Amino acid sequence: MIKKAFIFDLDGVIVDTAKYHFLAWQKLARTLDIDFTEKENEQLKGVSRVRSLEKILSWGNKTISENKFKELMGKKNDDYLNHISIMNENEILPDVNRVLDFLIEKQQPIALGSASKNARTILERVNLKNKFDAIVDGNDVSKAKPDPEVFLIGAELLKIKPEYCVVFEDSVAGVEAANVANMISIGIGSEENLGHANFVFRDFTEISNEFLIELIKK
Ligand code: B16
Ligand code: MG
């Protein structure tokens, strides 16, 4: 069968760690007297840790020293690590395993393309690491989404041209990155947020094996 490459974002696509990022950022923001809504939180999805804190500070009109910035990033990550330390396979989102196993059966190469520096830890916790042929995460890139670097490295590692790569993404920035990379973008979430993707599905339960076959042949 013809080969495509399939690149999966992690947070919000494979597991719902977005809720843990939200809890950890919100707790930290409260200590600074900053409040932000779930709507604003959408803007933090797929965005690096540094950029997330910069955005939160700007919402609260706060400026802080470089040292304080580093300290707060450390605090947020410690809190986040506590949340993810108790994750297990039950946190894998519905039908993710079915889609991964189908693509593996069809011998399609699979990569992870995540902005998170904790991606490998999470994949180990939910026991999915061995399903990926390549892993690209926040430790491997110098430019964050919407820059396409993370996905382009994934394509290179899988030795597949960008235009033959399919990206599953839940974030506005991530869909933009896939589009800039000239890849087929599949938004996982709402049409309202991800209207710029080539296809949008609420979650993987809506993605049939027939649709995957069509993508492989495309
Ligand atoms: P960390 P993804 C992203 O992961 C998250 O969506 C985003 O909210 C987070 O700030 C970013 O990872 C960095 O994560 O602090 O763990 O390095 O969606 O690209 O898998
Ligand atoms: Mg995501």
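The values are calculated or read from the model by the stated rules, or taken from the named source; none is laboratory data. A quick note: this is a predicted structure, and the numbers were derived from the prediction, not measured. With ideal geometry, Cβ positions are generated from the backbone for all residues, glycine too; neighbour counts draw on all protein chains shown.
Pairs linking a residue in the stretch 127-139 that is assigned by TED's automatic domain parsing to the domain that holds SER116 to a residue that is away from ligand 2 (no atom under 15 Å from the Cβ) and part of a loop (DSSP other than H, G, I, E, B), with Cβ atoms under 9 Å and 6 or more positions apart or on different chains, are ASN127/ASN88; ASP133/PRO109; ALA134/PRO109. Exactly one residue out of VAL99, VAL167 is surrounded by 18 or more Cβ atoms within 10 Å (Cβ to Cβ), on the phi < 0 side of the Ramachandran plot and part of a strand (DSSP E or B), and it is VAL167. Just one of the listed residues (LYS55, LYS27, LYS19, LYS75) is more than 13 Å from ligand 1 (Cβ to nearest atom) and either more than 21 Å from ASP140 (Cβ to Cβ) or assigned by TED's automatic domain parsing to the domain that holds VAL166 (or both), namely LYS27. For the stretch 12-61, residues that are small (Gly, Ala, Ser), assigned to a helix (DSSP H, G or I) and free of Cβ contacts under 8 Å to residues at least 60 places away in the same chain total 4. The set of residues in the stretch 132-148 that are modelled with pLDDT of 95 or more, surrounded by 19 or more Cβ atoms within 10 Å (Cβ to Cβ) and charged (D, E, K, R) contains only ASP137.
Total residues in the stretch 60-85 satisfying the condition of being farther than 27 Å from ALA119 by Cα and of a type in the set (Phe, Trp, Tyr): the figure is 0. With respect to (1) touching a helix residue (DSSP H, G or I) at 6+ places or on another chain (Cβ under 7 Å); (2) over 30 Å from LYS55 (Cα atoms), the lone exception for HIS83 is condition (2). Among the candidates PHE132, PHE69, single out the residue that is among the aromatic types (Phe, Trp, Tyr) and more than 16 Å from ligand 2 (Cβ to nearest atom). It is PHE69. Exactly one residue out of ILE110, ILE122, ILE86, ILE104 is without any contact (Cβ under 8 Å) to a residue 60 or more places away in the chain and either under 19 Å from LEU23 (Cα atoms) or under 18 Å from the mean Cα position of the chain (by Cα) (or both), and it is ILE86. Using the structure shown, decide if GLY46 is more than 15 Å from HIS21 (Cβ to Cβ), touching an Asp or Glu at 6+ places or on another chain (Cβ under 9 Å) and assigned by TED's automatic domain parsing to the domain that holds THR31. No.
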